[in-house]
Amino acid sequence: GSALRVEAFPEAVGPEDRRTRMIDIQLLQKGADTLVTCTLQGRLTAREHDVFLPHFESEIRHFTDLRVLFILTELKGWCRGSPWRTLSFNSQHRTNVAKIALVGPIRRTRWMKQACQPLSYKELKRFFTKDIDDAWAWIGG
């Protein structure tokens, strides 16, 4: 599998903030099954958006029956002026996504559901943070 970890932060923040500002994408393959997990946490910046979006779209473009799990449980939001608020995935590649699971607070899963609208997917389900084990079971991870 492949992985992307993005850490971007202004020089002024302390080391405690650096640990929480990260995006983690994991591509897990077992036979013909492919699962992409995306964990977004901390307060996201424009730089993180500019790295994450093309990498994520590139990562998923060649798969059929792909399953995607977004873990938003530690996502604090985004920096003022960054393009995260209007995030929308590009549907140009028409990836065949079988399932999308969104885990986190209602505000965050609602936002990610909107971002996923352009993707061609069969099922999308939102889970509360406390139900992360149910999300893993449903997505088949």
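Points worth noting:
- In sequence order, region 78-84 has phi-based couplings of 9, 6, 3, x, 7, x, 4 Hz under the Karplus curve 6.51 cos²θ - 1.76 cosθ + 1.60, θ = phi - 60°, and Gly or Pro positions carry x.
- Around residue 135: net Lys/Arg minus Asp/Glu count, Cβ-Cβ under 14 Å: +3
- Proximal lysines relative to residue 130, as straight alpha-carbon distance under 26 Å, when same-chain residues fewer than 8 apart are discounted: 76, 99, 113, 122
- If a spin label sat at a point 7 angstrom from the Cα of residue 74 along the line to its beta carbon, the backbone N atoms of region 33-63 nearer than 12 Å would be those of 39-43.
- Accessible area of region 57-141 belonging to carbon and sulfur atoms, whole % at 1.4 Å probe: 46 percent
- Less than 5 angstrom separates the built amide H of residue 63 from those of 96, all sequence-distant by 5 or more or on a different chain.
- When 133, 65, 24 are compared by accessible area of protein heavy atoms, the largest-first order is 133, 65, 24, using a 1.4 Å probe.
- Taking 22, 112 and ordering them by how much accessible surface each has at a 1.4 Å probe, largest first, produces 22, 112.
The values are calculated or read from the model by the stated rules, or taken from the named source; none is laboratory data. Given the structure is predicted, the values throughout are model-derived calculations rather than measurements. Ideal geometry is used to build each Cβ from the backbone, glycine not excepted, and the neighbour counts take in all protein chains shown. Please note that ligands, DNA and RNA were not included when accessible areas were found on the heavy atoms of the full protein model with its side chains. Shrake-Rupley method; radii C 1.70, N 1.55, O 1.52, S 1.80 Å.
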